[in-house]
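Read through the structure below, which is laid out as structure tokens, and then see the notes.
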Amino acid sequence: MKASLESGLITIKGGRPLRGEVIAQGSKNATLPIMAASLLLYNGKISLRNVPKLLDVHTMSELLISLGAKVDRDDHTMTIEIQDELAWEMPPSLVRKMRASSLVLGPLLARCGKVILPLPGGCAIGSRPMDLHFKGLSKMGAQITLDKGAVIAKANKLVGTRIYLDFPSVGATENLLMAAALADGETLIENAAREPEIDNLVRALRKMGAVIEGEGTGILRIKGKKELNPASITIIPDRIEAATYLLAGVITHGDVAIRGVIPEHLNALLAKLDEAGIEVINNGNVLRVLNPGRPNGITLKTMPYPGFSTDLQPQMMALLSLADGTSIIHETIFEARFLHASELQKMGAQIELQGNTAIVHGQENLIGAEVYATDLRGGAALVLAGLAAEGETTIYNVEHLKRGYENMVEKLTLIGAQIDERAAEVTKEDI
Ligand code: UD1
């Protein structure tokens, strides 16, 4: 593996209990689709509050700007202004940076009648990962074709219809929801995803004048409107970020409180921590762990919400590497989402992989090592492991963390972590 010069690294001197309070950032996965929803306007602004400062949010801003939107940011607020003309061809460089760029497809198609969406190399229509998006939009009357590695979607008019999702895909639900908001007539999305971020999008669309029922039930009913109106929208707290810092408290046996969370969004995590013998004090919008001991081994399966989030699986793997006993982790949402396991092994974790199952034999200690962040949440798992490990851990490729964690180093420093970040000075091969 090779770390590029720009990618940056983090060093952590582990083994000290973290103590203090962390305030949860706004949700990345709620912000991105709501930003995309601005494209449904013909003329006007949406204003967003509690917007996290993240690389993915920046990429979405660039994408919207490239399509003709005007985006203004001030600390954690953002306004997106749309005027009559929008471009409908998405720049490949931005689309390849972030899978969530595909969230622009539904609203842009509804608004402009045509979209060119470049696909990451090797991706074909009809197979993963966007077949459900295409199937749903086709059912609404779009023609979708593939030409030279790009999807071309066209629709003179989108017409409301009944769509059953073979799997409750978060992105497909969001794309179809946004497209349906401007479609002719009523759309029913069955087996829709029920993630809290979808509820935030529904509330945002409602504020823009859309008529939608059923959020959180798995069946969404949308009455299309000819036009939507400007609105002011608040982003919900980021449950994955909040949970990551809570787990930092658990893994270091510290005293950490996370403020500004919606505890119900973390019910599956709280249930699993309870099963592992970890007490979490739930006080309204504050979750706190107070000098917890070593967790017991547990069995865990990732599922669509309200099941256990795949976005917390890597962080839980780090914690369970230090459990008293053996844990079984079944990953059912994404293939090959165990890249972090081999990095954790470099730190002494005992993990056996069998397809989409990981068997984690808990150890008394982890030892600091040089490791690579393989992706956003995998990187977060390495940070947690580094905070708990004896000695120094160096994590390369920390750009991944900036996609989803605002000021992670500063936030952890404030609660007592010995953590530093710097640009990688040398290119490292095969660490
Ligand atoms: C969103 C989240 C991501 C989270 C994931 C699952 C955002 C920006 N990202 O991603 O953090 O991990 O939900 O909770 O909100 N699939 C298909 N065909 C499709 C669509 C999806 O086969 O048309 C498959 C995917 O390959 C994957 C699974 O369904 O295996 C889940 O994908 P999906 O729920 O769509 O996740 P995203 O929206 O990409």
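Could you grab me the full set of residues in region 39-73 that are of a type in the set (S, T, N, Q), more than 16 Å from the ligand (Cβ to nearest atom) and at pLDDT 95 or above?
Looking only at region 39-73, we keep the residues that are of a type in the set (S, T, N, Q), and these are 43, 47, 50, 59, 61, 66.
Now narrow it down to the ones that are more than 16 Å from the ligand (Cβ to nearest atom): 43, 47, 50, 66.
Selection gives SER47, ASN50, SER66.
Restricted to region 145-156, and to residues that are surrounded by 16 or more Cβ atoms within 10 Å (Cβ to Cβ) and within 16 Å of the ligand (Cβ to nearest atom), which residue is modelled with the lowest pLDDT?
Result: VAL151.
Going by what's in this entry, would ASP274 be described as in a helix (DSSP H, G or I) and either among the β-branched types (Val, Ile, Thr) or away from the ligand (no atom under 16 Å from the Cβ) (or both)? Walk me through how you get there before you give the answer.
Details: in a helix (DSSP H, G or I): yes; either among the β-branched types (Val, Ile, Thr) or away from the ligand (no atom under 16 Å from the Cβ) (or both): yes.
Yes, satisfied.
Might you let me know whether region 302-320 holds any residue that is in the same structural domain as LEU401 (by TED's automatic domain parsing), within 14 Å of the ligand (Cβ to nearest atom), over 23 Å from ASN191 (Cβ atoms) and surrounded by fewer than 22 Cβ atoms within 10 Å (Cβ to Cβ)?
No, the conditions are met nowhere in region 302-320.
Could you name every one of the helices (runs of 4 or more DSSP H) located completely within region 59-175 that has at least 2 residues being more than 26 Å from the chain's Cα centre (by Cα), in the same structural domain as ASP199 (by TED's automatic domain parsing) and in contact (Cβ under 8 Å) with a residue 40 or more places away in the chain?
Those helices (runs of 4 or more DSSP H) do not exist here; none qualify.
State all residues of region 203-244 that are assigned to a strand (DSSP E or B) and under 21 Å from ALA179 (Cα atoms); if no residue qualifies, say none.
Here is the first cut: in region 203-244, the ones assigned to a strand (DSSP E or B) are 211-213, 219-223, 231-234, 237.
Within region 203-244, VAL211, ILE212, GLU213, ILE219, LEU220, ARG221, ILE222, LYS223, ALA231, SER232, ILE233 qualify.
Give just the number: which of (1) within 23 Å of the chain's Cα centre (by Cα); (2) surrounded by fewer than 21 Cβ atoms within 10 Å (Cβ to Cβ); (3) at pLDDT 95 or above does ASP324 not satisfy?
(1)
Just one of ALA172, ALA142, ALA180, ALA210 is in contact with a Ser or Thr (Cβ under 9 Å, 6 or more places away or on another chain), buried (at least 17 other Cβ atoms within 10 Å of the Cβ) and not β-branched (Val, Ile, Thr); which is it? Working first, answer last.
Values: ALA172 fails: in contact with a Ser or Thr (Cβ under 9 Å, 6 or more places away or on another chain); ALA142 fails: in contact with a Ser or Thr (Cβ under 9 Å, 6 or more places away or on another chain); ALA210 fails: in contact with a Ser or Thr (Cβ under 9 Å, 6 or more places away or on another chain).
From the options ALA172, ALA142, ALA180, ALA210, the qualifying one is ALA180.
Does region 208-225 contain at least one residue that is within 23 Å of LEU48 (Cα to Cα) and within 16 Å of the ligand (Cβ to nearest atom)?
Scanning region 208-225 turns up at least one residue that is within 23 Å of LEU48 (Cα to Cα) and within 16 Å of the ligand (Cβ to nearest atom).
Restricting the search to region 91-114, which residues are within 16 Å of the ligand (Cβ to nearest atom), farther than 26 Å from SER232 by Cα and surrounded by 15 or more Cβ atoms within 10 Å (Cβ to Cβ)?
If the condition is that a residue be within 16 Å of the ligand (Cβ to nearest atom), farther than 26 Å from SER232 by Cα and surrounded by 15 or more Cβ atoms within 10 Å (Cβ to Cβ), then LEU94, VAL95, LYS97 are the ones that fit.
List every residue pair whose Cβ atoms sit under 9 Å apart, with the two residues 6 or more apart in sequence or on different chains, where the first one lies in region 351-370 and is closer than 21 Å to LEU300 by Cβ and free of Cβ contacts under 8 Å to residues at least 24 places away in the same chain and the second, anywhere, is in a strand (DSSP E or B) and not β-branched (Val, Ile, Thr).
Note: pairs meeting the criteria are GLU352/ALA358; GLU352/HIS361.
Conditions first: (1) at pLDDT 90 or above; (2) within 9 Å of the ligand (Cβ to nearest atom); (3) over 25 Å from GLU62 (Cα atoms). SER127 passes all but one, so which condition is the exception?
(1)
Report, ordered by the first and then the second residue, all pairs with beta carbons closer than 6 Å, sequence separation of six or more or different chains, a first member in region 179-195 that is outside the structural domain of SER309 (by TED's automatic domain parsing) and closer than 14 Å to LEU109 by Cβ, and a second member that is surrounded by fewer than 17 Cβ atoms within 10 Å (Cβ to Cβ) and of a type in the set (D, E, K, R).
Listed by first residue and then by second, the contacts come to ASP184/LYS157.
The values are calculated or read from the model by the stated rules, or taken from the named source; none is laboratory data. What you see is a predicted model; the values in this text were computed from it and never measured. Here the Cβ is made from the backbone with ideal geometry for all residues, glycine too, and neighbour counts use every protein chain on show.
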